[in-house]
Every structure is written in structure tokens, then in C-alpha cells.
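A short write-up of the structure that comes next.
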Amino acid sequence: MSDNSNQFLDALKQMQGVEVGSIVEVEVLNVEDGQLTVGVVNEGVEGIIIKREFTADRNANLQSLVKPGDKFKALVLRKAGGDKENGEFFFSVTRLKEREAYSELEKVYAEGNTVEGVVTGAVRGGLLVDVGTRGFLPASLISNRYVSDLKPYIGKKMNLKITEIDPNKNRLILSRKDLIEEEREEAFESVANQLVVGDTIEGKVSRLTGFGAFINVGGVDGLVHISEISYKHIDKPSDVLKVGQEVKVKVIGIDDDRRRISLSIKQTLPSPFEEATSELHEGDIIDGEVKSLTSFGAFIEVASGIQGLVHVSEISNKRVEKPSDFLKVGQTVKVKVLGIDPSDKRISLSIKQTESDNKSNESRPRHEDNVAKKYMSDGDNGFALGDLIGDQLKD
């Protein structure tokens, strides 16, 4: 047998413990800028670990990470081809870590547990997350609401659910939205069980949109629709509210099926009707302006934006065929308050009863006359005799 044949057999024997896909212990022989030269411990086989197969950090300096003599486990990737490479092997540390990580992640996935990861970068469509190996977090699964800017998430730690895992394809899909939804479900149940429609509670503005404001109440966001923010017209919620502001809200709806809590800010405040009628009482006689006429009566404005109804039967003591025969829009009239209904926001008025009251007052002694009589002596009728006949005595 030739010397070349003997050398080949010796090399073959030395490499019997080194197979593609196996895990071996290697020792660093030399450190260069872009790669490490390593030898398989007790096998007499050398190989190469290029930078990206040792660390996922592209900016890392190999000399600062490893030195000759260091030993660690590595995965045998493949045998180098070509005479120049002299039968050496390529090894990988990163892929070994990925293999080990996938093994642990498959257990996490099977048990339905969460995994903690650090966002390492943003790419089109989502985030790259390090969970022991690289996973992908699609933008649509970052939150339970739309996320437009991915950059603020880079470098942040977060708990995630695994939605898809395939070690053979090196595919790992993660979700934060699923976790948020689960936490939201639990929080909703806890908060909703303590609330009753009609309750007035304290909350904090967590988010503003074009259609309303989300208010955090006990860890759950409830919605105040724009129509429930104020009795006055507002163009957008941000005109009157700001994120972080503390507000008082009334619970106006709890939807268990849709997991929604509807709130109102304006219903915690006095309504314009309540403010306008706070000093108005049944029996009061006030001035009002005729705003509109109908076949059944006249609507009279008694305060800014607040109108009451004078029924056709309460317009005059005379027979009224049409309100327009007695009244006209814009006319100022005296009206008597017959009743106030806060629940239906209705005010009943009368014009004819002010006339009756006036006639009744005319039949009574005038207040001024009573005052005069009180201060006159018994023999004094209020005028001097000379004032009455003085000129006649002169004659």
C-alpha cells in the first residue's frame, strides 16, 4: 500500500467522530477579523467558524469575544470543498444555539406558555425578536390596535406567545396581540363584575381617536363616544380632552359578548335643561320669545336653547282656532310655568293664566295704596284742603 493511501486511511480514522450534523467540542486555534480557526478536541480535525456562525451581532469584534485556547460546543455544518480547503469542516455556534433554543421553544409552544424576547430590529412587515433564536413578530400581531411606527419597539423586552414554530424551516412566528387579548379578557371580567350600568366612576384618558376617547377604568379601556363627551358640539375629542387627564364618567353600557364598556362624560354633568330650569319653579311668570307655531300650540324660548310649549288651550281665554291668529314668531310674551318634567325635558307653559293672574291682582288693593294708608293719619285723606279748594276761597 502506498504512503498516500496510508495517509488517507489515517485521516479517515481521525474524522470518524466528526459527521455533518453532529455536535462536537472545539478549541480555538486562531482568531481573525472574519473567522475563527478551530480544532475538534481529541479528533485531530480542524475547521473554520465564520463570524456570522459565531455571533448574530454583525458589529461584534471577534477578538473581544474569543481568544485562542477557548473551548465550546459547535455544530458540524458541512465538509469544506476544494483542494485548497484541504478537507476541513465548517462549524457553527449560532445554529447550535438555535437548535437548542427550538427544542425549548417547542416545549413552550406545546404547553401554551409565554416566552420573553428582546426586539433586535425592524423590517418590512414586523419586528425581529431574539428569544434564544430569531423570531418574527408581524406588525399586525404587535398590539390589539394598529401600529404604524415600529422603531420605538427596538431594544424593548416583551412577553410573547408562539403562534407557529417549524425548526426544519427555521420558522418562528410570535404574537403579542394574543397575549394582550388574553390579559384584556381577564381584566374585563374582573372590572365588569364590579360595575353596574348607572355607576359614576373615576378614569383616566388613555387614547383619543376621531370618534371618541378611551378611558382607562381599573385597567380596562372603556369608550366615550364623541357624542357623549359634551352637551355642546365638538369637532374632535382632542379639543376638550388630553391623554392622561383624569375624568369622571358614567357607565352607560356593558357588552359582555363584545367585551366593551360604554361610558359618558356629559351625563355626569348638569344638562343645559337642568341648568336652565334650576331656578325655575312651577307658578313662576316669566318673559319668553315665540320660536315656532304649530296647529297644537306655540313653542316659547324661556332660556338660551330651552323651549317650553304653550298648548293651544292655554294661549287665550278666548276661543283659539289657530295659534297664528294670536301670536307671531319673534314676539315676546309673558308665560306662566305650569310644570317641569326633567326626565322628558319638557316645560308646560300658559299665556292665558298670566292674564287671569293680572285680573286677579287688579281686583286686589294695590300694594302702593296699602303703603300710603299705613302712613296717613286718621283725619288725613292724603291731600290738604287748600290744595283742593284754595282758588275758590280767594274768590
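The values are calculated or read from the model by the stated rules, or taken from the named source; none is laboratory data. For clarity, every value in this text was computed on a predicted model and none was experimentally measured. Note that each Cβ is placed from the backbone with ideal geometry, even for glycine, and that neighbours are counted across all protein chains shown. Note: areas computed on protein heavy atoms with side chains; ligands, DNA, RNA excluded. Shrake-Rupley method; radii C 1.70, N 1.55, O 1.52, S 1.80 Å.
Scan the stretch 301-350 for residues that are among the β-branched types (V, I, T) and closer than 14 Å to T277 by Cα and the total you get is 5.
How many residues does the stretch 281-301 hold that are open to solvent by less than 60 Å² (accessible area, probe 1.4 Å), aliphatic (A, V, I, L, M) and closer than 18 Å to E355 by Cβ? So the answer is 4.
Scanning the stretch 180-216 for residues that are closer than 18 Å to L269 by Cα and within 11 Å of the chain's Cα centre (by Cα) turns up K204, V205, G212, A213, I215.
For the condition exposed (fewer than 14 other Cβ atoms within 10 Å of the Cβ) and touching a residue at least 40 places away in the same chain (Cβ under 8 Å), G198 qualifies.
Answer yes or no as to whether G244 is open to solvent by less than 60 Å² (accessible area, probe 1.4 Å), in a strand (DSSP E or B) and of a type outside the set (A, V, I, L, M). Criteria not met by G244. Of all residues in the stretch 119-166, those satisfying the criterion of being open to solvent by 50 Å² or more (accessible area, probe 1.4 Å) and either in contact with a Gly (Cβ under 7 Å, 6 or more places away or on another chain) or basic (K, R) (or both) are R124, D130, R134, F136, R145, K151, I154, K156, K157.
Among residues belonging to the stretch 255-280 that are part of a helix (DSSP H, G or I) and among the β-branched types (V, I, T), point out the one that is surrounded by the most Cβ atoms within 10 Å (Cβ to Cβ).
As a first pass, look at the stretch 255-280 and keep what is part of a helix (DSSP H, G or I): 266-268, 272-277.
Adding the requirement that they be among the β-branched types (V, I, T) leaves 268, 277.
Values: T268: 13, T277: 20.
Among those that are part of a helix (DSSP H, G or I) and among the β-branched types (V, I, T), it is T277.
The residue that is least open to solvent (accessible area, probe 1.4 Å), counting only those in the stretch 167-192 that are basic (K, R) and assigned to a helix (DSSP H, G or I), is K177.
Go through the residues of the stretch 213-221 one by one and say whether even a single one is open to solvent by 40 Å² or more (accessible area, probe 1.4 Å) and on the phi > 0 side of the Ramachandran plot. Yes; the residues of the stretch 213-221 include at least one that is open to solvent by 40 Å² or more (accessible area, probe 1.4 Å) and on the phi > 0 side of the Ramachandran plot.
Summed over the stretch 201-212, residues that are touching a residue at least 40 places away in the same chain (Cβ under 8 Å) and open to solvent by less than 30 Å² (accessible area, probe 1.4 Å) total 2. Of I234, I229, all but one fail to be farther than 30 Å from L128 by Cα and in contact with a strand residue (DSSP E or B) (Cβ under 7 Å, 6 or more places away or on another chain); the exception is I229.
Could you tell me whether any residue of the stretch 60-68 is open to solvent by 50 Å² or more (accessible area, probe 1.4 Å), in a helix (DSSP H, G or I) and touching a helix residue (DSSP H, G or I) at 6+ places or on another chain (Cβ under 9 Å)?
First, pick out the residues of the stretch 60-68 that are open to solvent by 50 Å² or more (accessible area, probe 1.4 Å): 61, 63-65, 67-68.
Applying the additional criterion that residues be in a helix (DSSP H, G or I) yields 63-65.
Still in the running and touching a helix residue (DSSP H, G or I) at 6+ places or on another chain (Cβ under 9 Å): none.
No; the residues of the stretch 60-68 include none that is open to solvent by 50 Å² or more (accessible area, probe 1.4 Å), in a helix (DSSP H, G or I) and touching a helix residue (DSSP H, G or I) at 6+ places or on another chain (Cβ under 9 Å).
Please count how many residues of the stretch 306-332 are under 26 Å from S271 (Cα atoms) and either touching a residue at least 40 places away in the same chain (Cβ under 8 Å) or hydroxyl-bearing (S, T, Y) (or both). So the answer is 7. Looking only at the stretch 4-25, decide whether some residue is at pLDDT below 85 and touching a Lys or Arg at 6+ places or on another chain (Cβ under 7 Å). Yes, some residue in the stretch 4-25 is at pLDDT below 85 and touching a Lys or Arg at 6+ places or on another chain (Cβ under 7 Å).
Among the residues of the stretch 118-134, which ones are within 28 Å of the chain's Cα centre (by Cα) and either assigned to a loop (DSSP other than H, G, I, E, B) or over 19 Å from R58 (Cβ atoms) (or both)? Lay out the reasoning, then the answer.
First, the residues of the stretch 118-134 that are within 28 Å of the chain's Cα centre (by Cα): 118-129.
R124, G125, G126 - these are the residues of the stretch 118-134 that are within 28 Å of the chain's Cα centre (by Cα) and either assigned to a loop (DSSP other than H, G, I, E, B) or over 19 Å from R58 (Cβ atoms) (or both).
Among the residues of the stretch 124-141, is any in contact (Cβ under 8 Å) with a residue 60 or more places away in the chain and assigned by the TED database to the domain that holds L36? Lay out the reasoning, then the answer.
Residues of the stretch 124-141 in contact (Cβ under 8 Å) with a residue 60 or more places away in the chain: 130, 134.
Restricting the remaining residues to those that are assigned by the TED database to the domain that holds L36 gives none.
Looking through the stretch 124-141, none of the residues is in contact (Cβ under 8 Å) with a residue 60 or more places away in the chain and assigned by the TED database to the domain that holds L36.
Would you mind stating whether F89 is surrounded by 14 or more Cβ atoms within 10 Å (Cβ to Cβ), more than 14 Å from G34 (Cα to Cα) and modelled with pLDDT of 85 or more? Yes.
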